[in-house]
Amino acid sequence: MDILLQQVINGLVLGSVYALVALGYTMVYGIINLINFAHGEVLMVGALTSWSMIGLMQEAMPWAPGWLVLLLSVLIACVVAAALNFVIEKIAYRPLRNAPKLATLITAIGVSLLLQTLAMIVWKPNVKVYPTLLPSQPFALGGAVITPTQVVILALTAISLAVLMWLVHFTRLGRAMRATAENPRVAALMGVKPDLVISATFVIGAVLAAIAGVMYAANYGTAQHTMGFLPGLKAFTAAVFGGIGNLGGAVLGGILLGLIESIGSGYIGALTGGVLGSNYADIFAFVVLIVILTLRPSGLLGERVADRA
Amino acid sequence: MNNPFVPGAPRAARIAAWLVAALLLLALPHGLQYFGNAWVRIADLALLYVMLALGLNIVVGYAGLLDLGYVAFYAVGAYLFALLASPHLSENFAAIGAAFPDGVHLSLWLVIPLAALVAALAGALLGAPTLKLRGDYLAIVTLGFGEIVRIFMNNLDRPVNLTNGPKGIGQIDSVKFFGLDLGKRLSVTDDYDIPAVTLYYYLFLALVIVSIVICSRLQDSRIGRAWMAIREDEIAAKAMGLNTRNLKLLAFAMGASFGGVSGAMFGAFQGFVSPESFSLMESVMIVAMVVLGGIGHIPGVVLGAVLLSSLPEVLRYVAGPLQQMTDGRLDASILRQLLIALAMIVVMLLRPRGLWPAPDHGRVLEEKV
């Protein structure tokens with residue numbers, strides 16, 4: 001029972017990271033039908049930027065409390081990631097908007113590889129220890145424990161989601177985004193500027209990814225130039241799971257995937273009599289993906305069909 | 001068009017052009033050897049990639065099924081050969097050890113068809129659940145399959161040691177046929193012998209030529225035409241009575257068999273296989289070769305494979321000075337990765353249909369988003 005509760009907590013924390021990244025995928029896909037393969041790398045840049053900032057700030061203002069340093073580094077990471085994603089969209093994706101789909105996919109993969117390489121040059125390839133800035137004394141919760149960092153992750157996710165929902169449902173920009181996702185041409189006729197909306201979508205997605213990146217690094221205590229790939233892939237899985245193009249679906253998919261992965265890897269050893277261990281944790285995301293896409297191609301909350309080229 | 005290789009050109013010019021090309025290809029390793037065996041090695045690996053790219057081209061280029069897990073079949077071939085031609089199985093399984101105390105040593109004539117067959121089965125197996133999917137979704141699911149295969153390769157050293165986990169399998173036999181061991185240099189005269197890398201070059205070249213012949217025959221066959229019909233409009237193809245399910249499975253299987261054969265050759269050539277050689281990046285590179293070169297167009301695919309596989313290796317040798325200029329921050333492997341990434345982006349921005357696209361067909365590639 002205690003193990004289960006613990007794995008549920010871990011799964012929720014992991015799932016909220018996936019959910020935030022999945023939102024970026026799903027918004028971009030909803031509007032321009034592009035799997036932004038480089039989205040995981042934005043997460044990585046966010047995490048590494050905040051790591052560098054924490055180092056700088058701890059030297060420049062040693063009096064600052066941990067939470068303030070963390071908050072400032074998250075803000076700077078968001079700005080850097082947003083600027084980066086804005087430029088990527090403008091240079092690499094916009095010129096190809098009417099090009100063959102495979103060409104865009106290859107460009108996106110190229111961007112992902114490019115960002116990883118640049119990060120390797122800027123930050124060197126070694127694994128960075130991400131400092132623990134919040135109190136490390138965990139709270140007891142039933143028979144399980146939850147760390148302050150995990151509490152902050154869950155709170156931050158909830159706040160980000162609330163802001164995003166407000167943005168999408170109650171602002172002019174949000175209405176423009178929804179209109180463009182529905183039909184770009186008609187939206188343009190109604191005075192929406194699709195280029196502006198798409199740029200804004202990339203910027204919002206990057207901010208969410210950067211927050212997720214910092215949380216991911218803070219939760220695991222490490223950061224590296226290759227760290228974006230796997231969460232990126234799993235977040236995409238989460239987006240597909242929930243129904244790509246659907247914001248609520250991305251959140252649901254992310255949380256569910258986090259839970260499945262966490263509970264699955266906690267019990268796989270016992271279930272298979274020790275034959276398969278927790279080193280198979282990464283398999284769950286892909287198995288879920290394959291099962292979902294074969295049984296319900298539109299995802300849990302999606303209406304779109306998978307039969308589009 | 002003044003291309004002496006195509007049927008329209010005068011017969012004599014055609015024969016001359018093909019002869020010159022053949023002689024150049026046969027002489028190439030001897031020329032490269034002058035600069036060192038490393039260069040011949042690059043040519044060998046380039047040929048393996050040409051084969052991989054041709055195989056993937058059947059799936060992506062002809063049938064229009066974007067497969068991002070293609071490297072799994074390369075892995076299947078490589079591990080198959082590694083298990084059958086190294087002491088690993090005999091050492092880890094008592095029954096096999098008793099039956100083959102010296103390990104299993106297969107002849108080339110068995111290895112190639114077996115690798116093709118097993119990989120084709122794997123291809124059909126992986127293809128079956130994805131038949132309903134298209135485009136991005138298919139890409140993602142195949143990517144997931146590739147990752148699953150890699151995770152298993154990495155972890156199947158317990159409870160039974162099948163793949164030896166991340167450590168990989170070594171001591172793999174070299175290829176032997178007609179009493180000729182390709183792993184040893186061949187003495188022609190007292191002061192001239194042909195090194196192993198060159199011998200492999202000829203074997204791989206022969207396999208590539210066979211692959212090209214198969215691919216171009218397939219392209220003009222009923223099956224090839226049917227694949228292209230599916231690529232252009234699957235619903236229409238189905239309405240015309242094509243069995244799209246079997247045809248798609250066949251495309252997966254045929255493409256995979258090329259991957260399996262190149263994998264087996266890779267295992268024999270390296271003498272060592274480990275999961276590291278079969279990462280997602282490898283799949284991505286093969287897709288990039290096909291798309292950069294010119295999807296669905298055999299000469300384009302060959303060009304893409306040769307460029308992307310050999311260019312980075314060649315760059316390795318010019319990277320030295322650059323590395324010194326940047327205090328070692330920009331070493332050879334980082335530089336080549338940087339250049340590959342830039343090449344992928346720039347080529348796609350400038351030539352979205354590839355460097356050497358097929359002259360006519362391929363409407364699906366121009367489909368608007």
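The values are calculated or read from the model by the stated rules, or taken from the named source; none is laboratory data. Quick caveat: nothing in here was measured; it's all calculated off a predicted structure. Positions of Cβ are backbone-derived with ideal geometry, glycine not excepted, and every protein chain shown enters the neighbour counts.
Could you identify the single residue in A:54, A:106 that is closer than 27 Å to residue B:231 by Cα and either within 14 Å of chain B (Cβ to nearest Cβ) or not small (Gly, Ala, Ser) (or both)? Steps first, please.
Working: A:54 fails: closer than 27 Å to residue B:231 by Cα.
That would be A:106, the only listed residue that is closer than 27 Å to residue B:231 by Cα and either within 14 Å of chain B (Cβ to nearest Cβ) or not small (Gly, Ala, Ser) (or both).
Taking segment B:251-286, which residues are within 13 Å of the chain's Cα centre (by Cα) and farther than 25 Å from residue B:114 by Cα?
B:284, B:285
Do you know which residues across segment B:269-303 are within 11 Å of chain A (Cβ to nearest Cβ) and more than 20 Å from residue A:114 (Cα to Cα)? Before you say what the answer is, go through the steps one by one.
So the first thing to find is which residues in segment B:269-303 are within 11 Å of chain A (Cβ to nearest Cβ), and the list is B:279-281, B:283-285, B:287-292, B:295-296.
Listed by number, the residues that qualify are B:295, B:296.
Could you list all residues from segment B:119-140 that are surrounded by 19 or more Cβ atoms within 10 Å (Cβ to Cβ) and in a loop (DSSP other than H, G, I, E, B)?
Scanning segment B:119-140 gives B:133, B:134.
Quickly run through segment A:192-246 and pick out the residues that are among the hydroxyl-bearing types (Ser, Thr, Tyr) and within 13 Å of chain B (Cβ to nearest Cβ). Talk me through it step by step, then tell me what you get.
At the first step, the residues of segment A:192-246 found to be among the hydroxyl-bearing types (Ser, Thr, Tyr) are A:199, A:201, A:216, A:220, A:222, A:226, A:237.
Correct list: A:226, A:237.
Pick out, from segment B:1-116, the helices (runs of 4 or more DSSP H) lying fully within it that include 3 or more residues that are exposed (fewer than 15 other Cβ atoms within 10 Å of the Cβ). Walk me through how you get there before you give the answer.
Details: elements: B:11-33, B:37-57, B:71-84, B:88-92, B:94-99.
Counting at least 3 such residues, we get B:11-33, B:94-99.
Can you report the number of residues in segment A:250-291 which are of a type in the set (Asp, Glu), within 12 Å of chain B (Cβ to nearest Cβ) and under 19 Å from residue A:3 (Cα atoms)? I'd like the intermediate steps shown before the answer.
Of all residues in segment A:250-291, those of a type in the set (Asp, Glu) come to A:261, A:282.
If we keep only those that are within 12 Å of chain B (Cβ to nearest Cβ) too, we end up with A:282.
Pick out the ones that are also under 19 Å from residue A:3 (Cα atoms) and you get none.
Of the residues in that region, 0 qualify.
Picking from B:175, B:160, B:149, which residue would you name as being of a type in the set (Val, Ile, Thr), touching a residue at least 40 places away in the same chain (Cβ under 8 Å) and away from chain A (no Cβ under 14 Å)?
Values: B:160 fails: away from chain A (no Cβ under 14 Å); B:149 fails: away from chain A (no Cβ under 14 Å).
Of the residues listed, the single one that is of a type in the set (Val, Ile, Thr), touching a residue at least 40 places away in the same chain (Cβ under 8 Å) and away from chain A (no Cβ under 14 Å) is B:175.
Determine which member of the set B:349, B:355, B:342, B:308 is outside any helix (DSSP H, G or I), within 13 Å of chain A (Cβ to nearest Cβ), at pLDDT 80 or above and farther than 15 Å from residue B:60 by Cα.
Values: B:349 fails: outside any helix (DSSP H, G or I); B:342 fails: outside any helix (DSSP H, G or I); B:308 fails: outside any helix (DSSP H, G or I).
Matching residue, one of B:349, B:355, B:342, B:308: B:355.
Consider segment A:23-68. How many of its residues are in contact with a Pro (Cβ under 9 Å, 6 or more places away or on another chain), modelled with pLDDT of 90 or more and hydrophobic (A, V, I, L, M, F, W, C)?
Counting residues in segment A:23-68 that are in contact with a Pro (Cβ under 9 Å, 6 or more places away or on another chain), modelled with pLDDT of 90 or more and hydrophobic (A, V, I, L, M, F, W, C) gives 4.
Being within 14 Å of chain A (Cβ to nearest Cβ) and in contact (Cβ under 8 Å) with a residue 12 or more places away in the chain narrows it down to one residue among B:118, B:111, B:60, B:50; which is it?
Working: B:118 fails: within 14 Å of chain A (Cβ to nearest Cβ); B:111 fails: within 14 Å of chain A (Cβ to nearest Cβ); B:50 fails: within 14 Å of chain A (Cβ to nearest Cβ).
Testing whether each residue is within 14 Å of chain A (Cβ to nearest Cβ) and in contact (Cβ under 8 Å) with a residue 12 or more places away in the chain leaves just B:60.
Please verify whether residue A:52 is hydroxyl-bearing (Ser, Thr, Tyr) and under 30 Å from residue A:270 (Cα atoms), treating the condition exactly as stated. Steps first, answer last, please.
Details: hydroxyl-bearing (Ser, Thr, Tyr): yes; under 30 Å from residue A:270 (Cα atoms): no.
Considered against the rule, which asks whether it is hydroxyl-bearing (Ser, Thr, Tyr) and under 30 Å from residue A:270 (Cα atoms), residue A:52 comes out as no.
Among helices (runs of 4 or more DSSP H) lying entirely in segment B:166-281, which contain 1 or more residues that are at pLDDT below 90? Give the derivation first.
On the way: elements: B:196-220, B:222-232, B:234-239, B:244-270.
Hits in segment B:166-281: B:196-220, B:222-232, B:234-239.
Being within 26 Å of the chain's Cα centre (by Cα) and either surrounded by fewer than 15 Cβ atoms within 10 Å (Cβ to Cβ) or of a type in the set (Gly, Ala, Ser) (or both) is the filter here, so list the residues in segment A:45-70 that pass it. I'd like the intermediate steps shown before the answer.
Filtering segment A:45-70 for residues within 26 Å of the chain's Cα centre (by Cα) gives A:45-57, A:66-70.
Hits for segment A:45-70 are A:46, A:47, A:50, A:52, A:55, A:56, A:66, A:67, A:68.
Out of the residues in segment A:168-184 that are among the aliphatic types (A, V, I, L, M) and at pLDDT 90 or above, state the one that is nearest to the chain's Cα centre (by Cα).
Of the residues in segment A:168-184, the ones among the aliphatic types (A, V, I, L, M) are A:168, A:173, A:176-177, A:179, A:181.
If we keep only those that are at pLDDT 90 or above as well, we get A:168, A:173, A:176-177, A:179.
Values: A:168: 18, A:173: 22, A:176: 23, A:177: 19, A:179: 24 Å.
Per the criteria, the residue is A:168.
Collect the residues in segment A:109-131 that are among the polar types (S, T, N, Q) and either within 21 Å of the chain's Cα centre (by Cα) or within 8 Å of chain B (Cβ to nearest Cβ) (or both), keeping them in residue-number order.
Of all residues in segment A:109-131, those among the polar types (S, T, N, Q) come to A:112, A:116-117, A:126.
Within segment A:109-131, A:112, A:116, A:117 qualify.
Looking at (1) crowded, with 20+ Cβ neighbours inside 10 Å; (2) without any contact (Cβ under 8 Å) to a residue 24 or more places away in the chain, find the lone condition where residue B:169 falls short.
(2)
Considering A:152, A:168, A:145, A:163, which residue is hydrophobic (A, V, I, L, M, F, W, C), surrounded by fewer than 21 Cβ atoms within 10 Å (Cβ to Cβ), away from chain B (no Cβ under 14 Å) and in contact with a strand residue (DSSP E or B) (Cβ under 8 Å, 6 or more places away or on another chain)?
On the way: A:152 fails: in contact with a strand residue (DSSP E or B) (Cβ under 8 Å, 6 or more places away or on another chain); A:168 fails: in contact with a strand residue (DSSP E or B) (Cβ under 8 Å, 6 or more places away or on another chain); A:163 fails: in contact with a strand residue (DSSP E or B) (Cβ under 8 Å, 6 or more places away or on another chain).
Testing whether each residue is hydrophobic (A, V, I, L, M, F, W, C), surrounded by fewer than 21 Cβ atoms within 10 Å (Cβ to Cβ), away from chain B (no Cβ under 14 Å) and in contact with a strand residue (DSSP E or B) (Cβ under 8 Å, 6 or more places away or on another chain) leaves just A:145.
For segment A:120-153, what are the residues that are basic (Lys, Arg) and part of a strand (DSSP E or B)? Before the answer, list the steps.
At the first step, the residues of segment A:120-153 found to be basic (Lys, Arg) are A:124, A:128.
Residue satisfying the conditions is A:128 alone.
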